[in-house]
Amino acid sequence: MSEKVTLIMFSDDMDKALAALNLAIGASSMGMEVSIFFTFWGLNLIKKNDGPTKSRGIMRKMLNFMNRGGSKRLKLSRFHMFGLGKWMIGKLMQDIKFPSPQELMMMAHQSGVKFIACTTSMGMMGLSKEAFIPEVDSYAGVATYLANAKEGRINLFI
Amino acid sequence: MSEKVTLIMFSDDMDKALAALNLAIGASSMGMEVSIFFTFWGLNLIKKNDGPTKSRGIMRKMLNFMNRGGSKRLKLSRFHMFGLGKWMIGKLMQDIKFPSPQELMMMAHQSGVKFIACTTSMGMMGLSKEAFIPEVDSYAGVATYLANAKEGRINLFI
Amino acid sequence: MSEKVTLIMFSDDMDKALAALNLAIGASSMGMEVSIFFTFWGLNLIKKNDGPTKSRGIMRKMLNFMNRGGSKRLKLSRFHMFGLGKWMIGKLMQDIKFPSPQELMMMAHQSGVKFIACTTSMGMMGLSKEAFIPEVDSYAGVATYLANAKEGRINLFI
């Protein structure tokens, strides 16, 4: 039986996403079974990069406008500086041939990392499955996460 | 023997508190033994909602004035917008009949989740037991947390 | 065999550093085998406190100028207030004879906590080993962290 790793991706900071995806891909390539539970702001990582995000009601429309998401729109947790810091980190990553967040998402998916979207957060934000990229493997609540994590060797909240 | 879950509640962001309490209540309802170790800003979740917070010395008084705490005063980690974002999330939660942070605290307590206040943080901030809600089960330091967590199936830092 | 604790130190917030080091020293003094994997902003905790940080290229020079690091330069995650909040927390810590972040780093090292610097983050930020304090035990990537953490009883992302 392979060892399990579970990550709760709560944040959508670009830097935390890089750390989480790097861990996930590393663990998967070492033969571990990895799942990422995207919740709250973390849902932004699995939102489609193109087109508007549909949602019901004026407040949810506002929230999803301010909180557009998509793996190419993530911001740094500091030094964002209206995009300059992000552009700089992007350049530094290119320099050492480090993949972008979008590329890491695809690499993680291809290496078998499971993407789970938190249905409670989706409900709160008025999001339906159409808002998300097709690489999402399942839509589930906290009970599914807990059932996974209690078998996990490494469980992290990011 | 039931499986243990331990959460370190370091943050007092409303969104992280919602995530932590949702996890704790979920785990408890699945028969797991859950404890939350409230430390640093996380102490704000277990401060009384009413009345001033007493503390010794001018600096601690200042700190506890700026850092009033109480589960009804938590702020979002982003989009706080002088309370507008918080009000909006509150509305969205009501819409889907999701409980407020105060209600979740009570639900967690009633479902058997143990609340532990970090005595080191209390010392630093000049807080005594009177500052806290009666639902706090115990007052302890890092050794107690570690003894719990090393038996934990799921340990998270939030 | 002693029980393992692994911490990923992603943040360089002074308050999170205090929590992490307090945990690490506590666990070590209880006979547990503790390692801290410093990554991304967390590298700032193990940067030398004195002298400029050398790095290649104008963008990395800029990044390392803005992001100077060193355990005596850590900021609070809130209430920083141009240093006032940090000074205040420092005073409150002195009051209860709580060690400073620099002192905690040395105490952790002396009590046997292993310091590991993330080589991927070092590459991205253009940092070489000379940027770091001599207390760093090893320089390694995510595979080393994962090999440690899968044997860990307590693994936290901070």
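The values are calculated or read from the model by the stated rules, or taken from the named source; none is laboratory data. Just so it is clear, the structure is predicted and the values come from calculations on it, not from any experiment. Glycine gets a Cβ as well: all are built from the backbone with ideal geometry, and neighbour counts include every protein chain shown.
For the stretch B:132-158, name all the residues that are free of Cβ contacts under 8 Å to residues at least 24 places away in the same chain and at the interface with another protein chain (Cβ under 10 Å from one of its Cβ atoms).
B:Gly141, B:Ala143, B:Leu146, B:Ala147, B:Lys150, listed by residue number.
B:Leu146 passes all but one of (1) modelled with pLDDT under 95; (2) buried (at least 20 other Cβ atoms within 10 Å of the Cβ); (3) part of a helix (DSSP H, G or I); which number fails?
(1)
For the stretch A:73-88, name all the residues that are under 25 Å from A:Thr39 (Cα atoms) and either away from every other protein chain (no Cβ under 13 Å) or out of contact with any Leu (no Cβ under 6 Å at 6 or more places or on another chain) (or both).
Once the filter is applied, which keeps residues that are under 25 Å from A:Thr39 (Cα atoms) and either away from every other protein chain (no Cβ under 13 Å) or out of contact with any Leu (no Cβ under 6 Å at 6 or more places or on another chain) (or both), the stretch A:73-88 yields A:Arg73, A:Leu74, A:Lys75, A:Leu76, A:Ser77, A:Arg78, A:Phe79, A:His80, A:Gly83.
Condition first: of a type outside the set (Gly, Ala, Ser), within 9 Å of chain C (Cβ to nearest Cβ) and without any contact (Cβ under 8 Å) to a residue 40 or more places away in the chain. Now tell me which residues in the stretch B:112-131 satisfy that.
Passing the criteria: only B:Met124.
Evaluate the following for B:Ser2: is it in a loop (DSSP other than H, G, I, E, B), closer than 20 Å to B:Thr144 by Cα and more than 13 Å from the chain's Cα centre (by Cα)?
Numbers: in a loop (DSSP other than H, G, I, E, B): yes; closer than 20 Å to B:Thr144 by Cα: yes; more than 13 Å from the chain's Cα centre (by Cα): yes.
Yes.
For the list (1) more than 10 Å from chain B (Cβ to nearest Cβ); (2) among the hydrophobic types (A, V, I, L, M, F, W, C); (3) over 19 Å from A:Lys72 (Cβ atoms); (4) touching a residue at least 24 places away in the same chain (Cβ under 8 Å), I need the number of the one condition that A:Ala108 fails.
(3)
Tell me which residues, restricted to the stretch C:19-61, are small (Gly, Ala, Ser), surrounded by fewer than 19 Cβ atoms within 10 Å (Cβ to Cβ) and more than 21 Å from C:Arg73 (Cβ to Cβ).
C:Ser29, C:Gly31, C:Gly57
One line per residue, one yes/no per condition, for (1) of a type in the set (Asp, Glu); (2) touching a strand residue (DSSP E or B) at 6+ places or on another chain (Cβ under 8 Å); (3) outside any strand (DSSP E or B):
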site	(1), (2), (3)
B:Asn64	no, no, yes
B:Lys86	no, yes, yes
B:Phe98	no, no, yes
B:Gln102	no, no, yes
B:Ile116	no, yes, no
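I'd like the full set of residues that are out of contact with any helix residue (DSSP H, G or I) (no Cβ under 8 Å at 6 or more places or on another chain) and either closer than 19 Å to B:Pro99 by Cα or in a helix (DSSP H, G or I) (or both), limited to the stretch B:22-41.
Of everything in the stretch B:22-41, just one residue is out of contact with any helix residue (DSSP H, G or I) (no Cβ under 8 Å at 6 or more places or on another chain) and either closer than 19 Å to B:Pro99 by Cα or in a helix (DSSP H, G or I) (or both), namely B:Ser29.
Among the residues of the stretch C:5-51, which ones are more than 13 Å from chain B (Cβ to nearest Cβ), in contact (Cβ under 8 Å) with a residue 24 or more places away in the chain and more than 9 Å from the chain's Cα centre (by Cα)?
Within the stretch C:5-51, C:Ser35, C:Phe40, C:Lys48, C:Asn49 qualify.
Do we find that A:Gly70 is at pLDDT below 95, exposed (fewer than 15 other Cβ atoms within 10 Å of the Cβ) and in a loop (DSSP other than H, G, I, E, B) in this structure?
no
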